[in-house]
1. What is the residue count in segment 207-229 for residues that are in a helix (DSSP H, G or I) and touching a strand residue (DSSP E or B) at 6+ places or on another chain (Cβ under 8 Å)?
2. Would you point out the residue of segment 75-93, among those that are more than 26 Å from the chain's Cα centre (by Cα) and part of a helix (DSSP H, G or I), that is surrounded by the most Cβ atoms within 10 Å (Cβ to Cβ)?
3. Return only the number of the condition from (1) outside any helix (DSSP H, G or I); (2) modelled with pLDDT of 85 or more; (3) under 21 Å from residue 288 (Cα atoms) that residue 200 does not satisfy.
4. Condition check: assigned to a helix (DSSP H, G or I) and on the phi < 0 side of the Ramachandran plot. Does residue 116 satisfy that?
5. Being farther than 14 Å from residue 94 by Cα and either surrounded by 13 or more Cβ atoms within 10 Å (Cβ to Cβ) or at pLDDT 85 or above (or both) is the filter; apply it to segment 130-154 and report the residue that is nearest to the chain's Cα centre (by Cα).
6. Within the group 205, 258, which residue is at pLDDT below 90 and farther than 17 Å from residue 283 by Cβ?
7. Restricting attention to segment 262-283, which residues are touching a strand residue (DSSP E or B) at 6+ places or on another chain (Cβ under 8 Å) and either modelled with pLDDT under 85 or over 20 Å from residue 213 (Cβ atoms) (or both)?
């Protein structure tokens, strides 16, 4: 009898929630908006069935683009959760929504700082998110979400878990985005040099990077070192095949340095070849295309 009674209450509640006269118009508008935004995020960044990209072509070589795709897909998924939580007046959804929407404004201004979004988009996003967050702080909305009191211990535990996970997840997302922006900036503003070690040396890219950082590279700023083979792997498949056929990657590395220097190519060659164990150094593109 108890199971039948609880099942009856469950069905009555969910049937009544579809025609809930207490659901504020603002909540209805936000729920619909969240669904539209979620579909749009998947349309732009996900499956071909939505008109977007196919999964094999979805991820590219750029760390920044991959990070932004993952960001939009994750946020698109959260839009659907928000729409469901708002429509059903889930008491645990309001605070995570405020946190995530506030964080998206921070992300938008980070992207604006590197000219990936316009000032208009940044201002519009800030205004819209500000209005939504302010609305979610009103007493009318708070009462709506507290129609289902968080009295049971499982519900309290679930509420704390969701709040506890959402804050670190948002902070981690922003942290990863900042790393991606920094790496992208480093790659776009770097000059690449091919370094060939003497045959008897067998160093990893990390070992060579550590050695170069201890050497006198004058005023050159060293970003990173990778093996030539790994560099080839970052190229598109056609380039990769051609490069492997004509270029020997053994004992060769790609060194990334800051392009803002006053040295000629000959001077940089001399700086690198003066390092013990380096047999040859060439500007990467000149070396690949056989230029002197």
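1. Keep residues of segment 207-229 that are in a helix (DSSP H, G or I), which gives 207-214, 228-229.
The next check asks that each one be touching a strand residue (DSSP E or B) at 6+ places or on another chain (Cβ under 8 Å); those that pass are 208-209, 212-213, 228.
Of the residues in segment 207-229, 5 are in a helix (DSSP H, G or I) and touching a strand residue (DSSP E or B) at 6+ places or on another chain (Cβ under 8 Å).
2. 86
3. Of (1) outside any helix (DSSP H, G or I); (2) modelled with pLDDT of 85 or more; (3) under 21 Å from residue 288 (Cα atoms), only one is false for residue 200: (3).
4. Working: assigned to a helix (DSSP H, G or I): no; on the phi < 0 side of the Ramachandran plot: yes.
For residue 116, the condition - assigned to a helix (DSSP H, G or I) and on the phi < 0 side of the Ramachandran plot - is not met.
5. Narrowing segment 130-154 to residues farther than 14 Å from residue 94 by Cα: 130-131, 151-154.
Still in the list and also either surrounded by 13 or more Cβ atoms within 10 Å (Cβ to Cβ) or at pLDDT 85 or above (or both): 130-131.
On the way: 130: 23, 131: 26 Å.
My answer is 130.
6. On the way: 258 fails: farther than 17 Å from residue 283 by Cβ.
Answer to the check: 205.
7. Listed by number, the residues that qualify are 265, 280, 282, 283.
The values are calculated or read from the model by the stated rules, or taken from the named source; none is laboratory data. The structure presented is a predicted model; accordingly, all values stated were derived computationally and were not measured. Glycine gets a Cβ as well: all are built from the backbone with ideal geometry, and neighbour counts include every protein chain shown.
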